[in-house]
There are 2 protein chains.
Amino acid sequence: MNDTILEKLRWRYATKQFDPTRKISDADWSTLEEALILTPSSYGLQPWKFLVIKNQELKESLVPASYKQQQVADCSHLLVFAVNKNMTEAEIDKLIHTTSAIRGQDPSSMDYFRSLMIGDIVTGSRGEDSVGWAKLQSYIALGNFMTCAAMMDIDCCPMEGFVPKMYDESLNLAEKGLTTAVVCPAGYRIADDKYADLPKVRYSREDLIETIE
Amino acid sequence: MNDTILEKLRWRYATKQFDPTRKISDADWSTLEEALILTPSSYGLQPWKFLVIKNQELKESLVPASYKQQQVADCSHLLVFAVNKNMTEAEIDKLIHTTSAIRGQDPSSMDYFRSLMIGDIVTGSRGEDSVGWAKLQSYIALGNFMTCAAMMDIDCCPMEGFVPKMYDESLNLAEKGLTTAVVCPAGYRIADDKYADLPKVRYSREDLIETIE
């Protein structure tokens, strides 16, 4: 497994040109969706919604909102990570109720946990910027997604270069209390994307890692 | 591969009790370090340093800084994701020079790219909160790390519940221009951690995913 992980992580790159004729199979995409759902988040609060855009017209209409990056149109599946704009007691209660339903626990047995979450994410210090906190969580999902995709020989291109307001409007996110955190077109590279063969640029292990024995 | 990915992601959980007698092998840890180094980041800027704490006294001393979470002491390797407190032109130039050295490109051929990054991350809108931007990147690394660890049957417990100032002081991060973004003890669960067998709590696919065909 170790060699496979490193081989796949070296194989992946921020794909510059997708082959617009190649589509991710339903079976593979279903696995990636399940992997997204399984992403860990702070307190398990899952403050996100994953939008999967396969519609060609909509993908093309989002190119101007993506600083003309053509990957948004040429990819197989355009994945949009949206997050909650606000965290209220309702979101905390949703987790409490879902937990009690799945685990057969009395909701009141989680009162302490409920207060802890509210005092942190809703009314506490992190509640002051809960959308910032939610975006952090969505980047865990992004990291998980990119690694899983690479393991499955699927290409993607993480993107911060887009206009959130335009995405939010196109996808009617505001009315759902959501905003776009990050975007990741997925699909398959064209055979001759010259960026695929460029040596990866990473700082040295000495630069990036400090071990304290 | 698809089944393996889902099986491992279902197997993982935020480990509550590590077996303090079990250590991650050097070979496995080396793979995880390489996976961390290979993490993608915005522009490839790698605004991070990964601290790997194996020293038992230091791990124990960080328990109070972690709201008494004992995993910090009992884990095999305590991984601390630190990020740059500021992004300056020096960081941009470091990437330009590393790229030119690795790819044999003339640095001046990247002048446009250099200006683009400075106008965004240093003097632009994201430069106003470059530490927030850097933390987002570190969560990609966290997501990548947790998925790779699970694939290798290694346990971990992502933690936001710690006092960054205390971590920064203990690890002398301020003087290096770094601050702690997130923490992740890694190792092996004890055989009878009751949290390991609790059903995972995730919202439904309908709740979390919206497909636009």
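Quick check on residue A:185: is it over 26 Å from residue B:158 (Cα atoms), more than 24 Å from the chain's Cα centre (by Cα) and at pLDDT 95 or above? Criteria not met by residue A:185.
In the stretch A:58-161, which helices (runs of 4 or more DSSP H) lie fully inside it and hold 2 or more residues that are in contact with a Pro (Cβ under 7 Å, 6 or more places away or on another chain) and closer than 19 Å to residue A:186 by Cβ?
Qualifying helices (runs of 4 or more DSSP H): A:71-74, A:130-151.
Going through (1) under 17 Å from the mean Cα position of the chain (by Cα); (2) at negative phi one by one, residue A:44 falls short only on (2).
Every residue in the stretch A:7-26 that is at the interface with chain B (Cβ under 7 Å from one of its Cβ atoms) and either under 30 Å from residue A:110 (Cα atoms) or of a type in the set (A, V, I, L, M) (or both), please.
Once the filter is applied, which keeps residues that are at the interface with chain B (Cβ under 7 Å from one of its Cβ atoms) and either under 30 Å from residue A:110 (Cα atoms) or of a type in the set (A, V, I, L, M) (or both), the stretch A:7-26 yields A:9, A:14.
Residues in the stretch A:125-133: is at least one touching a strand residue (DSSP E or B) at 6+ places or on another chain (Cβ under 9 Å), more than 10 Å from every other protein chain (Cβ to nearest Cβ) and buried (at least 19 other Cβ atoms within 10 Å of the Cβ)? Yes, the stretch A:125-133 has at least one match. Looking only at residues of the stretch B:176-204 that are within 10 Å of another protein chain (Cβ to nearest Cβ) and either in a loop (DSSP other than H, G, I, E, B) or not hydrophobic (A, V, I, L, M, F, W, C) (or both), we find that the one that is farthest from residue A:99 (Cα to Cα) is B:176. The residues of the stretch B:47-69 that are within 11 Å of another protein chain (Cβ to nearest Cβ) and either exposed (fewer than 13 other Cβ atoms within 10 Å of the Cβ) or polar (S, T, N, Q) (or both), listed by number, are B:55, B:56, B:57, B:67. Annotation: residue A:171 fulfils all but one of (1) over 18 Å from residue A:35 (Cβ atoms); (2) in contact with a helix residue (DSSP H, G or I) (Cβ under 7 Å, 6 or more places away or on another chain); (3) of a type in the set (A, V, I, L, M, F, W, C); the unmet one is (2).
Is at least one residue of the stretch B:26-42 touching a Ser or Thr at 6+ places or on another chain (Cβ under 7 Å) and crowded, with 18+ Cβ neighbours inside 10 Å? Taking every residue of the stretch B:26-42 in turn, none turns out to be touching a Ser or Thr at 6+ places or on another chain (Cβ under 7 Å) and crowded, with 18+ Cβ neighbours inside 10 Å. Residue A:52 meets the conditions (1) in a strand (DSSP E or B); (2) touching a residue at least 60 places away in the same chain (Cβ under 8 Å) in every case but one. The failed one is (2).
Only one of the listed residues (B:4, B:39) is at the interface with chain A (Cβ under 9 Å from one of its Cβ atoms), among the β-branched types (Val, Ile, Thr) and in a loop (DSSP other than H, G, I, E, B). That residue is B:39.
The values are calculated or read from the model by the stated rules, or taken from the named source; none is laboratory data. Note that this is a predicted model, so its numbers are computed, not measured. Cβ sites come from the backbone with ideal geometry, for glycine too, and all protein chains shown count toward neighbours.
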